[in-house]
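Input: a single structure, listed below in structure tokens.
The values are calculated or read from the model by the stated rules, or taken from the named source; none is laboratory data. What you see is a predicted model; the values in this text were computed from it and never measured. Every residue, glycine among them, receives a Cβ derived from its backbone with ideal geometry; neighbour counts consider all protein chains shown.
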Amino acid sequence: MPRSNTELQPEDDYLRSLGYQPELLRKMGGFGNFAVSFSVISVLSGCMTLFGFGLTTGGPTVMMTGWVAVGLAVLLVGMALGEVTSAYPTSGGLYYMSRQLGGPRWGWVTGWLNLLGLLGGIAGIDYGAASFIAAFAGLQWGVVPTPGLILGVFAGVLLLHALLNVFGVRVVSVLNSVSVWWHLLGVALIVGVLAVVPSRHQELGWVIGHFENGTGWSSPIYASAIGLLLGGYTFCGYDASAHMSEETTDARVAAPRAIVRSIWVSLLAGLVLLGGLLFAVQDYDTTVAAAAPPAQIFLDALGAGGAKALLLVVIGAQLFCGSAETTAASRMIYSFSRDGALPGSGMWRRLSAKRTPVAAVWLSVAVAFLLAVPSLWSATAYGAVTAVNVIGMTPSYVIPVFLKLRYPEKFTPGPWTLGRWSRPVGIAAVAWVAVLTVLVCLPQRAPVTIDSFNYAPITLLAVLALAWGWWKLAGDKFNVPVVSDPHLAQIAAQVV
């Protein structure tokens, strides 16, 4: 089991031993670090956005059992990743781990996958929030949610998140701490209201046993496998704790603990939320056909007033989620630039007087906005672009774990370690991510047309091609700026 070692190296000295001069403000506690990852996972965002997807890819039985199965599998990934994070607690997170264990090329590829996944995540989360805000405006004031209106709201949401993030890590930590309670109390409120107010509820046997296949594929096994993506898409972003480790006290223990805690708390909260929504379904066909199935459940069960109130709870959660994702992406940009891996690295690694990577924050939201521009003309094109979120993030999580298994002699465990369970947990984590990567790339609807085609494999190839091309042009600039300090020589020799 994971253990804590109280005799830790001074944090800044340890960071120097990894090659970096401490620059960021280390003022975030363990709860704040957990709150970042929990906010990015955001069951009130992922479960709500993908609820309709789950209703047609296996229905309630796959939604409930699949959520538990995927959550437990992701917990293994989080444990394995947490162990590596304890040894390498840097803002670069996954790419730095991969570089140390497998060499510069592994670090480069992991970094680009992770970075573009984070940027695609901002686009997907904040555009989803903009869509819900537009839907609320439609219910409240009769506003028609056109693509242009949604893009305008999206720009406003991005601006809000940029401004919140440039205020410094203390503000970010407070926001994410509030986010935890917003999510937990929000789930309790939604489930509690849906349990009490409606006069009719579904039976337990239906909630855990009803199967529905609306994919167009005849195989129930295939439909159920695709249905696992509800959990696969939602349990994403817990690497944020690693990216915040240079701003976290006792990071070698706090960051890995936060990764694992964010997953199991999300697993329990999401299970309660999905169950509460499914018990409250009044008409299955009407709910499936709705533009926003959870909103339809709210309307059927509570009427317009109650639906709008609960919709505001969901919107608030999405805004917290997007802010936390912006934080994680900006730290990744800062760290990747610090190692010379991005065009214009000198600009993106600059810090403000509050020791915040302000330029990296603005770059994060600017790229996210550009990714969403295709939504003006084609929802399919937008989906193809933002698919980089999942297809980029999914493999990047497990590359450091794979390299630790492949080169065990290069890895020295930190104070948070799995001990004798390290190898079996790591193997299980790699196996699950391999399965999930295949599932993400499979066609989800039949017949396959230009609108139903799954562009994730093409997106993955595009990201890898971009990484390879930039490596050829600038890979020689990719270098950890090792701090020269004789006092740290022995520490560095023990760590790397």
Given the criteria assigned to a helix (DSSP H, G or I), farther than 25 Å from Pro400 by Cβ and either at pLDDT 95 or above or among the polar types (S, T, N, Q) (or both), does Leu189 qualify?
yes
Across (1) farther than 30 Å from Tyr96 by Cβ; (2) in contact with a helix residue (DSSP H, G or I) (Cβ under 6 Å, 6 or more places away or on another chain), Leu302 clears everything bar (2)
Condition test on Leu229, is it surrounded by 20 or more Cβ atoms within 10 Å (Cβ to Cβ) and at pLDDT below 95?
yes
If we keep only residues of segment 372-423 that are among the polar types (S, T, N, Q) and not in a helix (DSSP H, G or I), then the residue farthest from Leu81 (Cα to Cα) is Ser378
Can you tell me which residues in segment 298-350 are buried (at least 24 other Cβ atoms within 10 Å of the Cβ), more than 19 Å from Val109 (Cβ to Cβ) and charged (D, E, K, R)?
Glu325, Arg331
In this structure, does Glu212 turn out to be under 27 Å from Gly128 (Cβ atoms) and touching a helix residue (DSSP H, G or I) at 6+ places or on another chain (Cβ under 7 Å)?
yes
Sort out which residues of segment 296-307 are over 16 Å from Val191 (Cβ atoms) and within 28 Å of the chain's Cα centre (by Cα), and write them in order of number.
Gln296
Within segment 448-480, how many residues turn out to be at pLDDT 85 or above, in contact with a Phe, Trp or Tyr (Cβ under 7 Å, 6 or more places away or on another chain) and assigned to a helix (DSSP H, G or I)?
4
What residue, among those in segment 341-395 that are of a type in the set (S, T, N, Q) and within 16 Å of Ala329 (Cβ to Cβ), is modelled with the highest pLDDT?
Ser364
How many of the residues making up segment 298-344 are within 18 Å of Asn33 (Cα to Cα) and acidic (Asp, Glu)?
1
